Amino acid sequence: ANRKAGLWLLPYDRVLFFDVDDVPLPASGPRLDALWKTYGDSERLAAVPFERKGLAQRCFNSGLMLLRPGARAYAAYTDEALRLGRHQRGLCPGHDQPALNRAFSDWRAITSKDWSTATPGRAKRRCS
C-alpha cells in the first residue's frame with residue numbers, strides 16, 4: 001500500500017502524479033497551466049473521482065493526483081496504510097487507494113472539463 005508514499009517526501013512545493021498506465025488528454029501546456037491554477041493553491045489533495053456504481057463512499061482514483069509534499073501528509077498516509085494492513089482492501093477499489101482515500105478524505109475532485117486521462121488497454125481487462 002506504500003508504493004506512492006515517497007511522493008510526499010519529494011523536495012517540491014507541488015507534485016502532479018500520473019500513474020504509469022494513464023495518458024493525459026489533451027497533452028497541451030495551457031491545460032496543464034489551468035490545472036495548476038485551479039487546484040494547485042490548495043493544501044488538499046486533488047484527484048479524479050473514481051466512478052463505479054455501488055461504491056459506498058466517495059473515492060478518488062490515485063492514477064492522477066495533484067498534491068503538496070510534506071511530513072504531515074506523509075505520516076497521515078503511511079499511518080493509514082499500516083492501520084489497514086496489506087490484505088484489507090477497504091471500501092475504495094485499488095491496491096493503494098483505500099489508504100489514500102482514508103488519509104485524504106477531504107480531497108478535491110478534478111473535473112473532466114479541467115483534465116482527463118485515457119488508460120490504454122484498461123477497457124479490455126476486467127476490473128472488479
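Quick notes on this one:
- Residue in the stretch 66-84 that is assigned to a loop (DSSP other than H, G, I, E, B), under 21 Å from Val15 (Cβ atoms), modelled with pLDDT under 75 and open to solvent by less than 60 Å² (accessible area, probe 1.4 Å) present: no
- Here the stretch 16-55 is the region considered, the condition is being more than 17 Å from Asp96 (Cβ to Cβ) and of a type in the set (Lys, Arg), and the residue that is modelled with the highest pLDDT is Arg44.
- Boolean, Asp13 is in a loop (DSSP other than H, G, I, E, B), at pLDDT 85 or above and surrounded by fewer than 12 Cβ atoms within 10 Å (Cβ to Cβ): yes
- Conditions (1) under 22 Å from Gly6 (Cβ atoms); (2) in a loop (DSSP other than H, G, I, E, B); (3) at pLDDT below 75; number of the one not met by Thr117: (2)
The values are calculated or read from the model by the stated rules, or taken from the named source; none is laboratory data. Just so we're clear, the structure is a prediction, and the values are computed from it rather than from any experiment. Cβ atoms come from the backbone with ideal geometry, glycine included; neighbour counts cover every protein chain shown. Calculation scope for accessible area: heavy atoms of the full protein, side chains included, ligands and nucleic acids excluded. Shrake-Rupley method; radii C 1.70, N 1.55, O 1.52, S 1.80 Å.
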